[in-house]
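Trainee: First the structure, which I've put down as structure tokens, then a few questions once you've had a look.
Only the coordinates and a few stated rules stand behind these numbers; no lab work does. On a predicted model such as this, the values are computed, not experimentally measured, just so you know. All Cβ positions, even for glycine, are placed from backbone atoms using ideal geometry, and neighbour counts span all protein chains on display.
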Amino acid sequence: MHTPTTQARPCIYYTYEVFKPWLASANPKQDRKKVVVVGSGPAGMVTALELARHGVASVVLSAELQFSQGSRAICFTRRSMEILQQVGVADRITEGGLPWRFGNSYYRGQRVFRMEAPHDADDRFFPIINVQQQFMEEYLHDACQANPLIEFRWGNKVNQVDQKDGYVVLEVDTPEGPYALESDWVVAADGGRSGIRTAMNLQMEGASYEGFFVIADIRIDLPLPTERLAYFDPDWNPGNTILMHREPHGIWRVDYQLPEGETPEQALRPESLKTRINAQLAMIGHAGTPWEMDWSSVYSARTLTLPDFVHGSVIFTGDAAHLLPIFGVRGANTAFQDAQSLGWHLALVAKGLAGKTLLSNHSAERVGAAREIVTESGKSTRFMTPPAKDFACCAMRCSHSHSPRPSCAPCTTGAPRGHMNTRTPCSTTRATTTACSRPGLPTVRRRKTCAWAPMTSCWTTWVAALTCCTSPMHPPFPRRCKPSSMPHGKTACL
Ligand SMILES: Cc1cc2nc3c(=O)[nH]c(=O)nc-3n(C[C@H](O)[C@H](O)[C@H](O)COP(=O)(O)OP(=O)(O)OC[C@H]3O[C@@H](n4cnc5c(N)ncnc54)[C@H](O)[C@@H]3O)c2cc1C
């Protein structure tokens with residue numbers, strides 16, 4: 001028997017509603033459905049709304065009784081807003097969100113880079129808008145509730161998926177026990193730890209990285225604009241990185257990398273959080289400003305994707321299909337694009353207007369996108385977790401075949417500190433050198449990391465390169481970057 005928690009999640013700026021579970025005993029006998037969407041995160045709900053937009057009914061199953069814990073995704077791109085506008089929630093996000101388009105990168109206290117994302121009066125949406133994921137989910141849920149083609153079932157957890165000839169039988173567990181649900185199509189939007197993906201024994205390709213980041217949301221009144229702040233190698237966290245983002249409702253996200261060897265348990269101790277947040281506030285000139293903790297968590301970066309999203313009558317989407325590091329804010333933003341593509345492809349097939357092979361088109365399109373993002377966000381990850389000095393030199397040398405500076409250690413390991421590629425110890429940064437090619441390399445598309453030289457300082461150029469390469473608004477480095485202007489704090493991405 002599935003017993004989701006009925007205790008409202010704690011949060012200082014959002015009141016969680018606990019919904020009633022859907023129970024089979026209180027409903028008529030179940031006919032076979034056209035589409036069942038497993039999961040009510042951003043991917044699942046936007047897929048259901050897109051299907052409805054194309055006239056296809058669906059049932060959305062959610063294991064929990066409330067929206068997700070903590071702010072999670074907070075930065076949504078212009079493209080996401082266009083998709084969200086199509087499903088009717090963009091206005092609510094615009095009302096409560098904080099739009100922004102500037103980012104600042106600091107190296108040892110000195111600003112080395114300012115990003116400016118293009119925006120003009122004709123743009124309907126800002127390049128990025130910040131809204132906490134609970135609000136986003138609430139808006140999507142309200143849109144689903146208002147749509148007669150979508151049936152929402154809280155507290156319904158899928159335990160088993162049995163593929164038959166042309167349909168699927170799901171075993172769905174509820175607070176009164178399991179029931180069987182048949183569907184022509186199942187959309188697996190059950191998140192990064194997808195039980196369906198595990199049950200179907202599907203392997204993802206790509207890399208996982210060692211090393212941890214703490215994410216802490218605090219309520220604090222800081223007289224700062226909504227701009228992304230990145231600090232590299234600051235005094236209080238030498239060799240590591242800190243990110244800060246302003247969120248609605250007086251919340252700031254402080255996101256910092258942990259020193260090597262520190263465990264998540266150690267990092268999440270209240271004393272540790274307090275000391276580090278105070279150190280960060282002191283560094284930016286706001287020592288002593290009172291603050292209150294809302295939510296903290298630890299994460300590590302992964303760049304993984306399924307090589308095919310369609311498996312029989314089960315289609316994977318969102319985090320269930322790919323896992324992307326949160327630098328570059330790709331997870332939910334990519335999930336919306338998956339949902340937009342899946343909506344019309346699956347609708348045409350479900351309505352009998354196209355053959356099943358149309359879904360191969362969807363899979364090829366979105367796996368291609370995921371692979372590209374995996375490559376780019378792998379690069380972001382290596383920029384975001386500042387590599388050891390010798391790695392920076394090594395990577396540059398491997399990329400450009402320039403002679404290492406006298407201070408550079410020999411190019412031996414190539415792995416940034418704290419990084420581990422699960423399939424290969426050599427990361428894609430060095431994919432241009434044959435020395436790093438080994439059997440079992442992840443099948444991601446590779447390109448040269450960058451194309452500029454000479455360098456004045458490995459560290460400085462590495463940091464200066466960061467913002468271009470981690471921004472979802474910018475094409476891959478170096479197409480639009482002018483590194484020569486970066487160390488002087490000029491806008492380098494045009
Ligand atoms: C700290 C943090 C910060 C982030 N910041 C950003 C950001 O700024 N921008 C961005 O784009 N992304 C960001 N992300 C990523 C983003 O949160 C995820 O990519 C996004 O939530 C994925 O959506 P999803 O719908 O695929 O999965 P999820 O949101 O994980 O939803 C999965 C759903 O499936 C349900 N479920 C699971 N198993 C079952 C089952 N067996 N039966 C029924 N239901 C089930 C769950 O209850 C849940 O409703 C961040 C993530 C984290 C952790």
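Trainee: Just flag the GluC sites (Glu not before Pro) in segment 174-229 sitting in loop per DSSP whose Cβ has no more than 14 other Cβ atoms within 10 Å.
Mentor: Sites meeting the loop and neighbour criteria: 176.
Trainee: Follow-up. Averaging the inverse of every distinct alpha carbon separation and then flipping it gives the Kirkwood radius. What is it for segment 93-246, in angstrom units?
Mentor: Evaluated on segment 93-246, it is 20.6 Å.
Trainee: Which distance in Å, rounded to a whole number, links the C-alpha centroids of segment 171-219 and segment 290-359?
Mentor: Using only Cα atoms to place each centre, the spacing works out to 11 Å.
Trainee: To continue, here is another question. Let me make sure I get this right: for segment 229-376, a, b and c are the square roots of the gyration tensor eigenvalues over alpha carbons, sorted descending. Under 1.5 in a/c it's rounded, otherwise prolate if a/b > b/c, else oblate. Which is it?
Mentor: Prolate.
Trainee: List the relative contact order of segment 72-133 as a percent without decimals, with contacts defined as Cα pairs under 8 Å and 6+ residues apart.
Mentor: Result for segment 72-133 is 50 percent.
Trainee: Another question about this same structure. What percent of all Cα-Cα pairs in segment 1-151 falls in each 5 Å bin, counting up from 0?
Mentor: 2, 8, 15, 17, 17, 14, 10, 7, 5, 3, 2, 1, 0, 0
Trainee: In percent, how large is the relative contact order of segment 169-303, given Cα pairs closer than 8 Å and 6 or more residues apart?
Mentor: Answer for segment 169-303 is 29 percent.
Trainee: Could you list which residues have their amide H under 5 Å from that of residue 106, counting only those 5 or more apart in sequence or on another chain, with H placed in the peptide plane?
Mentor: Excluding prolines and chain starts, which carry no amide H, the hits are 112, 230, 231, 232.
Trainee: Report, in listed order, any pair from 29/164; 33/356; 164/351; 29/157; 274/379; 29/351 with a Cα-Cα distance greater than 27 Å.
Mentor: Among 29/164; 33/356; 164/351; 29/157; 274/379; 29/351, the Cα-Cα distance tops 27 Å for 274/379.
Trainee: Further question: Using modelled amide H (1.01 Å from N, peptide plane; none on Pro or chain starts), what sits under 5 Å from the amide H of residue 237, excluding residues fewer than 5 places away?
Mentor: Long-range HN contacts for residue 237: none found.
Trainee: Explain nothing, just compute: Karplus ³J(HN,Hα) = 6.51 cos²θ - 1.76 cosθ + 1.60, θ = phi - 60°, for every residue of segment 209-223 in order, whole Hz, x for Gly and Pro.
Mentor: Values, residue by residue: 10, 6, x, 10, 10, 9, 10, 10, 9, 10, 8, 7, 9, 10, x Hz.
Trainee: Taking amide H positions as placed 1.01 Å from N in the peptide plane, with prolines and chain starts having none, which residues 5 or more places from residue 158, or on another chain, fall under 5 Å of its amide H?
Mentor: 173
Trainee: Against the empirical 2.2 N^0.38 Å scaling, what ratio does the C-alpha Rg of segment 183-252 come to?
Mentor: 1.73
Trainee: If you average the sequence gap of Cα pairs under 8 Å that are 6 or more apart and divide by the length of segment 1-124, what percent do you get for the contact order?
Mentor: 19 percent
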